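A.B. asks: Could you have a look at this structure, given as structure tokens, before my questions?
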Amino acid sequence: MGLMDELKAKLGPAKDKVSGLAQQHGHKVTHGLDKAAKVVDDKTKHKYSDKIHTGTGKAKHAMDRLAHKDDGEDAGPPDTAAPPRTP
């Protein structure tokens, strides 16, 4: 058995546990991402809104993949449409 096979075998249970936690608490994580993104966007005076939104979208997409919400299919890049700004 190769090194990679041994690592995969040992990390399998951890991956399942992390996936379960992501399914249970994904809404809390995405809410936290949105809240952090808003704070950072406000602090930078909306100068980097597009980059902040793109990063937040990628983080949410990774969270969905981790929670197996995409059923193993690669749906492509996350939605990167900018949310409406609030003054």
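A.B. asks: When you check ALA81 against the structure, is it at pLDDT below 95, assigned to a loop (DSSP other than H, G, I, E, B) and of a type in the set (Gly, Ala, Ser), yes or no?
C.D. replies: Yes, satisfied.
A.B. asks: Right, here's the next one. Checking HIS68 against (1) out of contact with any helix residue (DSSP H, G or I) (no Cβ under 8 Å at 6 or more places or on another chain); (2) in contact (Cβ under 8 Å) with a residue 40 or more places away in the chain; (3) not hydrophobic (A, V, I, L, M, F, W, C): exactly one of these is not met. Which one?
C.D. replies: (1)
A.B. asks: Another question about this same structure. Among the residues in the range 27-43, are any assigned to a helix (DSSP H, G or I), surrounded by 11 or more Cβ atoms within 10 Å (Cβ to Cβ) and modelled with pLDDT under 90?
C.D. replies: no
A.B. asks: Another question about this same structure. Evaluate the following for VAL18: is it surrounded by 14 or more Cβ atoms within 10 Å (Cβ to Cβ), at pLDDT below 95 and in a helix (DSSP H, G or I)?
C.D. replies: no
A.B. asks: Among the residues in the range 1-8, are any modelled with pLDDT of 85 or more, assigned to a loop (DSSP other than H, G, I, E, B) and either under 12 Å from the mean Cα position of the chain (by Cα) or not charged (D, E, K, R) (or both)?
C.D. replies: Yes, some residue in the range 1-8 is modelled with pLDDT of 85 or more, assigned to a loop (DSSP other than H, G, I, E, B) and either under 12 Å from the mean Cα position of the chain (by Cα) or not charged (D, E, K, R) (or both).
The values are calculated or read from the model by the stated rules, or taken from the named source; none is laboratory data. Since the model is a prediction, treat every value here as computed from it, not as a measurement. Neighbour counts are summed over all protein chains in view; Cβ atoms, including those assigned to glycine, are modelled from backbone coordinates with ideal geometry.
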